[in-house]
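Please read the structure below before turning to the comments.
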4 protein chains.
Amino acid sequence: MAWFGQPVLIEELLFKTKHGIVDQSLHARMGAEPTNGDGFGLGWYGAGSGPAVYRSVAPAWGDANLRELAGHVESPLFLAHVRAAIGSPVQQTNCHPFRRGDWLFVHNGYLAEFHLLRRELMLAIDPELFGDVQGSTDTEVVFNLALTFGLDDDPLHALELTVGLIEETARRHDVAGAVQASFGVTDGATLWAVRYATEGPARSLFASADVEAIRHLHPENPRFQRLSPDDRLIVSEPFSDLPGVWQEIPQRTAVTVRRGGDLNERPFSPRTPG
Amino acid sequence: MAWFGQPVLIEELLFKTKHGIVDQSLHARMGAEPTNGDGFGLGWYGAGSGPAVYRSVAPAWGDANLRELAGHVESPLFLAHVRAAIGSPVQQTNCHPFRRGDWLFVHNGYLAEFHLLRRELMLAIDPELFGDVQGSTDTEVVFNLALTFGLDDDPLHALELTVGLIEETARRHDVAGAVQASFGVTDGATLWAVRYATEGPARSLFASADVEAIRHLHPENPRFQRLSPDDRLIVSEPFSDLPGVWQEIPQRTAVTVRRGGDLNERPFSPRTPG
Amino acid sequence: MAWFGQPVLIEELLFKTKHGIVDQSLHARMGAEPTNGDGFGLGWYGAGSGPAVYRSVAPAWGDANLRELAGHVESPLFLAHVRAAIGSPVQQTNCHPFRRGDWLFVHNGYLAEFHLLRRELMLAIDPELFGDVQGSTDTEVVFNLALTFGLDDDPLHALELTVGLIEETARRHDVAGAVQASFGVTDGATLWAVRYATEGPARSLFASADVEAIRHLHPENPRFQRLSPDDRLIVSEPFSDLPGVWQEIPQRTAVTVRRGGDLNERPFSPRTPG
Amino acid sequence: MAWFGQPVLIEELLFKTKHGIVDQSLHARMGAEPTNGDGFGLGWYGAGSGPAVYRSVAPAWGDANLRELAGHVESPLFLAHVRAAIGSPVQQTNCHPFRRGDWLFVHNGYLAEFHLLRRELMLAIDPELFGDVQGSTDTEVVFNLALTFGLDDDPLHALELTVGLIEETARRHDVAGAVQASFGVTDGATLWAVRYATEGPARSLFASADVEAIRHLHPENPRFQRLSPDDRLIVSEPFSDLPGVWQEIPQRTAVTVRRGGDLNERPFSPRTPG
């Protein structure tokens, strides 16, 4: 999930919502895995230089430090992620978000048969970046490929090149359904999200519909009653079953959220680099 | 779950069974909680002096060290437990089994409103034992009360006195449904299990019916084809859906398993200590 | 160590100082133990309600999350503690600071033969507080005794009663040298520190001498050049070997630091309760 | 450290020795770092298929599970390692020993400027192996290069090619003093150890001199009085200050220990592959 708007205590969205992401770590309904207990991460912008990242291998639902942080850190822009490991080890360096400079990156999904493609994809990473790859997940490789392909200049184009390269590499290895993804990426000033699958339906992705809807969601919460049209939430699973509050992001679509809550959609079309 | 019989690699029962306990940590069907990801423990008898205990706060399904141990330690008698924390912190000292001397103790269930009763129950612990209580769970208190009431001499009687004391203390505090439990306890020579609830149905508890059934469960497993009538399994949830393999232990019942697989049932009747 | 003054990024004092507390976790010079690698904790006042606490069982020098927090959280008042376990388990609930309501408490030292005195001291804790004792350290018991004896009303008096009770209990058990301590305690508005030992010299404790000294300590640090006379540091070990920067707090002495940097000393005289 | 001889409880060598490896984790005297608190690992041969590996990010001196294992697992051949991280994250996948099939590998030392050489060295790993590299240490890369260069057929030759490749790669990047190492490697039937540095003195390495010496070391230990000439210990630091018990392995030397305690030395001479 991602929040971009006025500064809020992180717990407002992580813990004080109906079916929020921490609850989803224990009981997801729309993800491929009902339990996402293999670590989590939280990245936020606030005091200090660049984004902060808190990552833990404990399940999000039981991590005392996460509750502390969420209850005592305010941020206008943060990403949270809960993980269900698919083969790779449960370790902090495999937890999202990944960071470089001002950038944060999260990924809900997987690369098919990553084990087979890993070497080739890592070779395509800018050698200057290679030495800083610390974990063993597909997502860290995706992020470093996106950095290689110009994330700084044009994030969505860089992600289209990244996915294009992965799909081409997968084809050469006879791997079908290469990419299953919702991506979230931000540089602290703009937030991008992508919903995409090489084959079949992509993982779910939703944006908060409008501020009135959010106020409606938390009538008892004075903080949310103060919400302004500048505030936006992007989530893998809606926080609540209330109809009308969420707009589903279509398949193969990228959204751009700028400060002020403005949300823009466009098609996401992978292309082969070079 | 508990195994008592010929020495087996622990993984045979922890990982190589259909719906074994590690699988239950992620997808329990009969427990109160579908996910038991707040740590686990394994206690076994083998080399060295007294029982060994391996406890971890990681979910059992993702703990690399548990897989290693289970694959490389053989034991004729071991207990495994997966935990769903109810309020108390996720820390090794709150993971079962608890140990003292040759004794191991596990508990599937809870004491109602333990927070209210904790001080009074801890005061009833033998002062010699008090200093060694290291965690904050109800189960460690139950174990120390049982030690106080003569576990060494007559384990089932000691547990009846323990439950009696808890129920009496609960009554004085107007706490209903004081004890919900299946207990497992062993001194390395005999294994006892208790199914009991103060009110309503107790947590499920099953014993392996007979050796033929277990052979039937794993026709492909040469190790299990070598099973003898001496082997016994006690579990909270059956490993498999095959009918006929498991016998349910009745409510308010204690079973005693001696070396040789002999299983004896008798009523479990709490009584207030003198 | 404790900071009370203008809001600073926590890393300024935890990581960017010469021989700061994180460095002390690996190479302490004045403590009883050269290595303090059995967990650490950080408590701070800032956004949200009451103090936040981050505690970890990892050594402070290697904890990635501590670096993140320290680099991205600003606070006008925080306590940090590194732990060398003496017998009790390495677990978050044994890490300082301990918290209740607005209060934070840290302790550098130990109670002699705590194992022998534990039960009696725990019985002296207000029964209303007993249920919330989660760990197994002497410090958590000291803190709860202080709460029992009126920490809210008169913190130094409450600590004098607490130490008096411990010393009297120790005497009855023929335990010598009952208390070895520097305590730090705060309610978010005032900071108290105590240096005391029942016998022999107490653990070292220092206060920053004056703002000029701190500016001198970090001539290259523009933040510290902005220091005002309102800022105060209390530490177990001076951050630097520069003479003149620190004033040692005398034995059996309590200091009170109020907002504005005002530091007041008075004798610390344990007395037996009731 | 490595043990190869009659089966012993692992604790005899890990915990019950004077200045054993766990004590070294807190107070090393001969290593580059006095504290080795960034995780540890234990690999052993015994029950089950192939070697077992237990790795933890906790400091060895405080890990309750390590004490349990060491006290309850017997093995004729095991390796133990304590880690002082130099830049790479503290995570299980960075802890030694590394394993593949029947092989275990430990390394005390470092590759100079590994960050610069990492990509090129990883490209030299057999693509079949690349996908299984899970951590980010130099040692895991060294191990996979050795596997690539024929560890299965001729371990010392494979290590000479590995070191030759690393030194050549370092030269091209103007990196001096490429390799600082004592290596330990075993397939469960034979144990090899190497002491080598590209420049200057290599990390210390010692072999137990003879069985009489070990008996002398533990006069009070009946187990050691039963030691046979078949037993051998290889350590980075001698367990004791007694003169005459240990023979230092010379610089640029490889030793081969076969079942039966036979120890053979030969020069270790890196050579460039192909």
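How many residues does the range C:208-223 hold that are hydrophobic (A, V, I, L, M, F, W, C) and surrounded by 20 or more Cβ atoms within 10 Å (Cβ to Cβ)?
Here the count works out to 2.
What is the residue count in the range C:196-228 for residues that are modelled with pLDDT of 90 or more and in contact with a Pro (Cβ under 7 Å, 6 or more places away or on another chain)?
Adding up the residues that qualify gives 1.
Under the condition of being within 18 Å of the chain's Cα centre (by Cα) and more than 26 Å from residue A:91 (Cβ to Cβ), which residue from the range A:14-40 is surrounded by the most Cβ atoms within 10 Å (Cβ to Cβ)?
The qualifying residue surrounded by the most Cβ atoms within 10 Å (Cβ to Cβ) is A:19.
Restricting to the range C:73-83, give me the number of residues that are among the hydrophobic types (A, V, I, L, M, F, W, C) and at the interface with chain A (Cβ under 8 Å from one of its Cβ atoms).
Adding up the residues that qualify gives 1.
Please verify whether residue B:231 is of a type in the set (Asp, Glu) and at pLDDT below 85, treating the condition exactly as stated.
No: the conditions fail for residue B:231.
Checking residue A:90 against (1) touching an Asp or Glu at 6+ places or on another chain (Cβ under 9 Å); (2) more than 7 Å from every other protein chain (Cβ to nearest Cβ); (3) open to solvent by 10 Å² or more (accessible area, probe 1.4 Å): exactly one of these is not met. Which one?
Going through (1) touching an Asp or Glu at 6+ places or on another chain (Cβ under 9 Å); (2) more than 7 Å from every other protein chain (Cβ to nearest Cβ); (3) open to solvent by 10 Å² or more (accessible area, probe 1.4 Å) one by one, residue A:90 breaks only (2).
Could you check residue B:84 against (1) modelled with pLDDT of 95 or more; (2) more than 17 Å from residue C:134 (Cβ to Cβ) and say which number it fails?
Every condition holds for residue B:84 apart from (1).
Looking only at residues that are modelled with pLDDT of 90 or more and open to solvent by 50 Å² or more (accessible area, probe 1.4 Å) in the range B:234-258, which one is farthest from residue B:213 (Cα to Cα)?
Only one residue tops the list, namely B:252.
Any residue in the range C:135-143 that is in a loop (DSSP other than H, G, I, E, B), open to solvent by 10 Å² or more (accessible area, probe 1.4 Å) and charged (D, E, K, R)?
no
Hey, can you tell me all the residues within the range B:144-183 that are open to solvent by less than 30 Å² (accessible area, probe 1.4 Å), in a loop (DSSP other than H, G, I, E, B) and at negative phi?
The answer is B:151, B:175, B:178.
Has the range D:5-17 got any residue that is away from chain B (no Cβ under 14 Å), in a strand (DSSP E or B) and in contact (Cβ under 8 Å) with a residue 24 or more places away in the chain?
Yes, the range D:5-17 has at least one match.
Being hydrophobic (A, V, I, L, M, F, W, C) and either buried (at least 23 other Cβ atoms within 10 Å of the Cβ) or modelled with pLDDT under 85 (or both) is the filter here; which residues of the range D:41-52 pass it?
Across the range D:41-52, the qualifying residues are D:42, D:44, D:52.
Looking at A:116, A:111, A:104, which is the one that is open to solvent by 50 Å² or more (accessible area, probe 1.4 Å), among the hydrophobic types (A, V, I, L, M, F, W, C) and either under 17 Å from residue A:180 (Cα atoms) or touching a Ser or Thr at 6+ places or on another chain (Cβ under 6 Å) (or both)?
A:116
Pick out the one residue from A:23, A:38, A:126 that is at pLDDT below 85, farther than 26 Å from residue A:232 by Cβ and more than 14 Å from chain C (Cβ to nearest Cβ).
Criteria check complete, one pass: A:38.
Would a scan of the range D:52-72 turn up a residue that is within 7 Å of chain B (Cβ to nearest Cβ), hydrophobic (A, V, I, L, M, F, W, C) and in contact (Cβ under 8 Å) with a residue 60 or more places away in the chain?
no
Could we say that residue A:189 is within 22 Å of the chain's Cα centre (by Cα), of a type in the set (A, V, I, L, M), modelled with pLDDT of 85 or more and crowded, with 18+ Cβ neighbours inside 10 Å here?
Spelling it out, it is not the case that residue A:189 is within 22 Å of the chain's Cα centre (by Cα), of a type in the set (A, V, I, L, M), modelled with pLDDT of 85 or more and crowded, with 18+ Cβ neighbours inside 10 Å.
Has the range B:247-257 got any residue that is closer than 21 Å to residue B:148 by Cβ and aliphatic (A, V, I, L, M)?
Taking every residue of the range B:247-257 in turn, at least one turns out to be closer than 21 Å to residue B:148 by Cβ and aliphatic (A, V, I, L, M).
Based on what the data block shows, is residue D:102 charged (D, E, K, R) and touching a strand residue (DSSP E or B) at 6+ places or on another chain (Cβ under 9 Å)?
yes
Of everything in the range D:86-123, what is in a loop (DSSP other than H, G, I, E, B), under 27 Å from residue D:174 (Cα atoms), without any contact (Cβ under 8 Å) to a residue 60 or more places away in the chain and of a type in the set (A, V, I, L, M, F, W, C)? Give them in sequence order.
D:86
It is to be established whether one or more residues within the range C:93-101 are modelled with pLDDT of 95 or more and over 30 Å from residue C:15 (Cα atoms).
No, because not a single residue in the range C:93-101 is modelled with pLDDT of 95 or more and over 30 Å from residue C:15 (Cα atoms).
Please verify whether the range B:111-121 includes one or more residues that are at positive phi and either more than 9 Å from every other protein chain (Cβ to nearest Cβ) or within 16 Å of the chain's Cα centre (by Cα) (or both).
yes
Hey, among D:17, D:35, which residue is closer than 28 Å to residue C:24 by Cβ, out of contact with any strand residue (DSSP E or B) (no Cβ under 8 Å at 6 or more places or on another chain) and of a type in the set (Ser, Thr, Tyr)?
Unique residue meeting the criteria: D:35.
Residues that are of a type outside the set (S, T, N, Q) and under 23 Å from residue B:27 (Cβ atoms): find the strands (runs of 3 or more DSSP E) completely inside the range B:189-274 holding 3 or more of those.
B:232-235
Using the structure shown, decide if residue C:36 is of a type in the set (S, T, N, Q) and free of Cβ contacts under 8 Å to residues at least 24 places away in the same chain.
So residue C:36 fails the test.
Pick out the one residue from A:190, A:93 that is of a type in the set (Ser, Thr, Tyr) and closer than 30 Å to residue A:263 by Cα.
After ruling out the rest, the residue left standing is A:190.
The values are calculated or read from the model by the stated rules, or taken from the named source; none is laboratory data. All values derive from a computational prediction rather than experimental measurement. All Cβ positions, glycine included, derive from the backbone under ideal geometry; neighbour counts span all protein chains shown. Heavy atoms of the whole protein, side chains included, go into the accessibility calculation; ligands, DNA and RNA do not. Shrake-Rupley method; radii C 1.70, N 1.55, O 1.52, S 1.80 Å.
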